[in-house]
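Trainee: Input: one structure, supplied below.
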Amino acid sequence: MAEDQATAVMEPSAVEKQPETAGAEAPTVTITKRMMVAIDESDSSFYALQWVIDHFSNLLMTTEAAEAEGGLLTVVHVQSPSHHFAAFPAGPGGATAVYASSSMIESVKKAQQEASAALLSRALQMCRAKQIRTETLVLEGEAKDMICQAVEQMHVDLLVVGSRGLGKIKRAFIGSVSDYCAHHANCPILIVKPPKEITT
């Protein structure tokens, strides 16, 4: 029942523009054309991607009509920024910053790039299976800020994120990307809550 309600609410909305004068042409209808799904290594983010594929595939399929309309799904992954130093306890009074060698920094960057490529490859396979028009985007920085910036710069019509189901204490300390985006994204946002068995 809940899924039926979510589906009814999230059907692409048509917005009619009123004619400026009584004799003007008929109102035009605009439909959501560009969607963005943010993914990370969590199962909940891939559940959100699958939810979009299942519910919006008719808007995003790689048919001539869909391409003419411009329906496109952007799958975005944000890598953590590379830090060039790490703090270690150094005696009773505090911590000391130790700078990483350039070879260590390069190996961390390479590992991040490989992890991002694997996540996006998995996402693309899911989209190709349903012939979804898809592009991928890898950003570096704080996930919540980078996602909101990308939404604004790319003129996204709908942002979709998964909910990781953080507990109250974790949410208070580290915050929630979905909560932040809900308050700061420059477009409508859909937070897809996964079934309890796959919440990580």
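A short reminder: the numbers here are calculations on the coordinates, not readings from a lab. This is a predicted model, so every value here is computed, not measured. Because the Cβ atoms are built from the backbone with ideal geometry, glycine has one as well, and the counts that use them run over all protein chains shown.
Trainee: Which of the peptides 122-128, 49-55, 34-40 is most tightly packed, and how do the rest follow, going by the mean number of other Cβ atoms within 10 Å of each residue?
Mentor: Answer by packing, highest mean first, reads 34-40, 49-55, 122-128.
Trainee: Now a separate question. In nm, to one decimal, how far is the residue 154 label point from the residue 137 one, both placed 7 Å along Cα→Cβ?
Mentor: For residue 154 paired with residue 137, the spin-label model returns 0.4 nm.
Trainee: Quick one: which residues, 5 or more positions from residue 61 or on another chain, have an amide H under 5 Å from its amide H? H modelled 1.01 Å from N in the peptide plane, none for Pro or chain starts.
Mentor: Here 133 satisfy the definition.
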